[in-house]
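Presented below is the structure to which this report refers.
The values are calculated or read from the model by the stated rules, or taken from the named source; none is laboratory data. Being a predicted model, the structure only gives us computed values, none of them experimental. Here the Cβ is made from the backbone with ideal geometry for all residues, glycine too, and neighbour counts use every protein chain on show. The accessibility values were calculated without ligands, DNA or RNA, using every heavy atom of the protein model including side chains. Shrake-Rupley method; radii C 1.70, N 1.55, O 1.52, S 1.80 Å.
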Amino acid sequence: MGQSVSTAGTSPELNRRDISVSSRFISRSFPVVVPVESNKEGDILEKAAGGIDYTSYLPDDCLAGIFHYLSSGDRAFCSVVCKRWLRVDGQSRHRLSLKAKAEILDLLPALFVRFDSVTKLALRCDRKSIGINDDALILISCRCRNLTRLKLRGCREITDVGMTAIAKNCKSLKKLSCGSCTFGAKGMNAVLDNCTDLEELSVKRLRGVHDGAELISAGTAASSLKSICLKELVNGQSFGPLLIGAKKLKTLKLIRCLGDWDEILEAMGNLSTGLTELHLEKVQVSDVGLLGISNCLKLETLRIVKTPECSNFGLVSVAEHCKQLRKLHIDGWRTNRIGDEGLIAVAKHCPNLQELVLIGIFPTSLSLLALASNCQRLERLALCGIGTIGDTEIEFIAAKCVALKKLCIKGCPVSDSGIEALALGCPNLVKIKVKKCRRVTSEVADWLRERRSSLVINFDEGEIEPLDGSSSDAGAQESGMEFQPTVTRVTGAGASSSSNTNRFTMFTTKFGFFAGRNLVPCAFRKWSNSDNFSSSSL
């Protein structure tokens, strides 16, 4: 819910380390300010304007609209100008971010008297502090009955009792995100049963759900849920009934969750065929699960990241049925189970492909030529840690990918000769990034710039490192993969340098193949955030 932070000004007792109010949900605090006491409302303004308060002619709604364009710090200072500005500022704040330590409990009533229109609330507590408990959450639920978004981070003192209060008092909730919390299935089920408008659910490290405990049922929210993200759950299988029952689900992300997911994905394919985006990262999924997902004919985005049991067979099935596929990310983790056969099927059946990321697999010129020839709408391509991609393959891309706009090459045996081919090919290319390709020299970057002055070239002359495909830890958030910014040379127009718990430790040791290194956080993180990719960067 990224938001900026501001501060409450209800009393001198408010501690700036405890409370920060936001207009954009960023956990940055400003000094607490106390309203100026004055016998005459607006006397400060009158003195500054020669005795005339011109703002007195503005309606409150208009003044609130002006405040909307100010930074959080400016709004905090504006709130002490006069009582009217203090009131308008408080009533026009809809987003609030609090450091949810236990001692904030006594300040909550005064805080929500001033900020009585909050609809988006974030509660965060660090690991070293004791967070708010059920009493505080019950009070918040009574004061903020119009909440539509709630984010809980590190609130380990909250139990099923507090979540049940939120569910019963905040029935307009549309987005719920919880991480490192300890409430269990009863609290989650209460939300799903009472919040009938819930559209997005994100759960990370929910430690209150135990083996053999109550399952997470679909509830009435199943009819409205559109996005579910499950991350680092030891007992993620408990959410199976919810996933299967969410008939309107569009986006599903399973990231580093224990258990065999084939059966659930197979059932989802038979019942929830409207799925458009699927992200599988470091989970136990095989071709059986991919066969089930292939029944989702509207699938547009598929990310298969470090799932060593997936092979060409499953990818072929997806390609043959999901012909609307536009984005495909594959991190084969060097298992050599996905290669030419699967990619040729994608080239044959998915002509609308616009974004392709290949990491740690071994395609040959056969599949690269098929992709370059058949996927004429391909605009973004990343090739990372692929030992079979050389100059010949880059020449194919230069000659055939006429729509290509952004190209990323990392850790491939490409030389200056292959890069030179881009001087005449790919007429729509606007940006190229070359990383850790030891046979590519800085001279070819200068040469290419001379011939294509509008092309942004991001070239890394850094030391060659061992390479392995991986998405970043943050990349599982909804957004794909990205190179770490270790750029030492950039050329081109407009270019710029760019406690886990013991249980989760058991997770990584129980499945040895989950414990791999993160060496290539790569390629289109920002590109994947919007369909038009206007704010993207390679």
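Restricting to strands (runs of 3 or more DSSP E) lying wholly in region 277-382: which have 1 or more residues that are farther than 20 Å from Trp261 by Cβ?
327-331, 355-359
Can we say Leu424 is farther than 22 Å from Gly339 by Cα, over 27 Å from the mean Cα position of the chain (by Cα) and surrounded by 19 or more Cβ atoms within 10 Å (Cβ to Cβ)?
In short, no.
Residues being surrounded by 20 or more Cβ atoms within 10 Å (Cβ to Cβ) and either at positive phi or assigned to a loop (DSSP other than H, G, I, E, B) (or both): count how many of those fall in region 158-195.
8
Just a yes or no: is a residue in region 357-365 open to solvent by 10 Å² or more (accessible area, probe 1.4 Å) and under 28 Å from the mean Cα position of the chain (by Cα)?
There is no residue in region 357-365 that is open to solvent by 10 Å² or more (accessible area, probe 1.4 Å) and under 28 Å from the mean Cα position of the chain (by Cα).
Would you pick out the residues in region 219-239 that are surrounded by 20 or more Cβ atoms within 10 Å (Cβ to Cβ) and of a type in the set (Gly, Ala, Ser)?
Answer for region 219-239, where residues must be surrounded by 20 or more Cβ atoms within 10 Å (Cβ to Cβ) and of a type in the set (Gly, Ala, Ser): Gly219, Ala221, Ala222, Gly236, Ser238.
Do you know which residues across region 196-209 are part of a loop (DSSP other than H, G, I, E, B), closer than 16 Å to Gly240 by Cα and open to solvent by 50 Å² or more (accessible area, probe 1.4 Å)?
none
Restricting region 401-429 to residues that are outside any loop (DSSP other than H, G, I, E, B) and basic (Lys, Arg), which is farthest from Lys327 (Cα to Cα)?
Lys410
When you look at Glu266, is it acidic (Asp, Glu), open to solvent by 10 Å² or more (accessible area, probe 1.4 Å) and within 25 Å of Ile330 (Cα to Cα), yes or no?
When the stated conditions are applied, Glu266 passes them.
Filtering region 377-390 down to residues that are modelled with pLDDT under 95 and open to solvent by 20 Å² or more (accessible area, probe 1.4 Å), which residue is farthest from Ile344 (Cα to Cα)?
Gly387
When you check Leu254 against the structure, is it part of a strand (DSSP E or B) and either open to solvent by less than 10 Å² (accessible area, probe 1.4 Å) or over 19 Å from Glu200 (Cβ atoms) (or both), yes or no?
In short, yes.
Identify the residue in region 127-144 that is of a type outside the set (A, V, I, L, M, F, W, C) and touching a Lys or Arg at 6+ places or on another chain (Cβ under 8 Å) and, among all such residues, is farthest from Leu111 (Cα to Cα).
Ser129
Exactly one of these conditions fails for Gly42: (1) open to solvent by less than 10 Å² (accessible area, probe 1.4 Å); (2) in contact with a helix residue (DSSP H, G or I) (Cβ under 8 Å, 6 or more places away or on another chain); (3) modelled with pLDDT of 85 or more. Give me its number.
In the conditions (1) open to solvent by less than 10 Å² (accessible area, probe 1.4 Å); (2) in contact with a helix residue (DSSP H, G or I) (Cβ under 8 Å, 6 or more places away or on another chain); (3) modelled with pLDDT of 85 or more, Gly42 misses (3) alone.
Of everything in region 86-138, what is within 20 Å of Ser172 (Cα to Cα) and of a type in the set (Val, Ile, Thr)? Give them in sequence order.
Across region 86-138, the qualifying residues are Val118, Thr119, Ile138.
State which residue pairs qualify: first residue over 21 Å from His94 (Cα atoms) and inside region 50-69, second residue at pLDDT below 85 and not small (Gly, Ala, Ser) in any location, beta carbons under 7 Å apart, and separation of 6 or more residues or different chains.
Cβ pairs passing all conditions: Ile52/Glu46; Asp53/Leu45; Asp53/Glu46; Thr55/Leu45.
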